[in-house]
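In what follows, a structure is listed as structure tokens, so that the remarks can point back to it.
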Amino acid sequence: MSIATHTARTVTRSVATGKSKEKTPGSLIFLLALWFSLFFGILVLVALIIDTAIAGAPRFDMNLLTNYSSIVRPETSGFRAGILGSLWLMLFTAIMAVPLGIAAALYLEEFADSTTRWNRFVEVNLQNLAAVPAIVYGLLAVAVMALIGFQESGIVLGGALALALLILPVIIITTREAVRAVPQEIRQGSLALGATVWQTTWRQTLPSAVPGIATGTILGLSRAIGEAAPLVVVGLAGSVLFDPEGVMSRITALPMQIYSLTSQSREELQQAASAAIIVLLVMILGLNALAILIRNKFQRSW
């Protein structure tokens, strides 16, 4: 074996595995900088979480979950309306965004002709929409609500529409990646046995991509549950004293209540805001943990 062939194979193996035996001073300094950046970011995050938990520790009681917000009696103020409002928003956001996002992704990946000008236009805009600031989706939701004739502000429908628009590009992109990861041999085998493209997509491709689709969808919802900017634009209140009763009911959400309380100067309200931040963080981590469980349970190796 020639020296050139051996060198080429070594380089190829290093690139493929991501490992290299090169230990020059420059590479070591770069590696240390990467590890320091990771450690510093995690350290700051942990410090912020611990500081917030310590600040809200006096309010970790059942009143925090069962009572409504109160400025008159801040020591017993709770976030019942915000927690229920966030759950209602997540339910209707999923109903509006998940079926539409999965259907759009399947069409673009399995049926659309990627060479046409229209589909290339859609592809470019999907990538761009995923990076649009969240507040823009609130403005878009207001425009859509006005277009279809709804004059009410601060209702479940408006907030869910804003959050659905926010996570729709994320769901489409993650679903396309999950569908793209399904081996072509599965499709070809199904088509060879006489199935149509639609039957192959519905009975073979889509079930095989469920772990990736579910993971991306839940991560999108976990992003939406912590957003406040779109909800401010659509007019959600900072506090309400009743539970949601329907899609047209006025509501608040946990991020909105946190945003409202952090501007208050009273120590009791600041403690309540810190405790609510931990509650919201637990809800987000719960959704992320659910995504990991689904991925590990249904993941397949091809």
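Here, each number is a calculation from the coordinates, and none is a lab measurement. The structure presented is a predicted model; accordingly, all values stated were derived computationally and were not measured. Here Cβ is always computed from backbone atoms with ideal geometry, including for glycine, and neighbour counts include all displayed protein chains.
Here are the numbers for this structure:
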| quantity | calculated |
| --- | --- |
| Loop sites in the range 147-226: chymotrypsin sites (Phe, Trp or Tyr not before Pro), DSSP, at most 16 other Cβ within 10 Å | PHE150 |
| Pairwise label distance in nanometres, VAL210 with LEU38, each label 7 Å out on the Cα-Cβ vector | 3.3 |
| The chain, relative contact order in percent, only Cα pairs under 8 angstrom and at least six apart counted | 26 |
| Label-to-label distance, nm, for residues given as VAL72 and THR115 (7 Å Cα→Cβ offset) | 7.2 |
| Gain on full stretching of the segment that runs from ALA229 to LEU193 - 0.36 nm per residue minus C-alpha separation | 7.9 nm |
| Estimated FRET transfer efficiency when R0 is 41 angstrom, pair TRP202-ILE148 (beta carbons, to 0.05) | 0.85 |
| Sites excluded, GluC sites (Glu not before Pro) in DSSP loops with at most 13 other C-beta within 10 Å, longest stretch of the chain | 23-151 |
| Rg in Å to one decimal, and Dmax rounded to a whole Å, for the range 48-155 via C-alpha atoms | 21.0, 63 |
| Mean projection area, nm², convex hull over Cα of the range 194-301 | 10.3 |
| The range 16-103: relative contact order as a whole-number percent, Cα under 8 Å and 6+ apart | 13 |
| The chain, helix-only ellipticity at 222 nm - DSSP H runs n ≥ 4, -39,500 (n - 2.57), divided by all residues, nearest 500 | -22500 deg cm²/dmol |
| Cα gyration tensor of the chain - equivalent ellipsoid semi-axes, whole Å, descending | 42, 30, 17 |
| Per-residue ³J(HN,Hα) for the range 263-273, Karplus 6.51 cos²θ - 1.76 cosθ + 1.60, θ = phi - 60°, Hz, x for Gly and Pro | 8, 7, 9, 6, 5, 4, 6, 5, 5, 5, 5 |
| For the range 242-251, Karplus couplings with θ = phi - 60° (6.51, -1.76, 1.60), whole Hz, Gly/Pro x | 8, 7, x, 10, x, 5, 9, 7, 6, 9 |
| Chain lengthening between ASN125 and GLU267 when straightened (0.36 nm per residue, less Cα-Cα) | 46.5 nm |
| Where trypsin sites (Lys or Arg not before Pro) in DSSP loops with at most 16 other Cβ within 10 Å are excluded, longest remaining stretch of the chain | 24-265 |
| Extension gain from GLN299 to ARG180, taking 0.36 nm per residue of separation minus the Cα-Cα distance | 41.4 nm |
| Integer Hz, Karplus 6.51/-1.76/1.60 couplings in order for the range 216-228, x for Gly and Pro | x, 5, 5, 5, x, 5, 5, 5, 5, 5, x, 7, 10 |
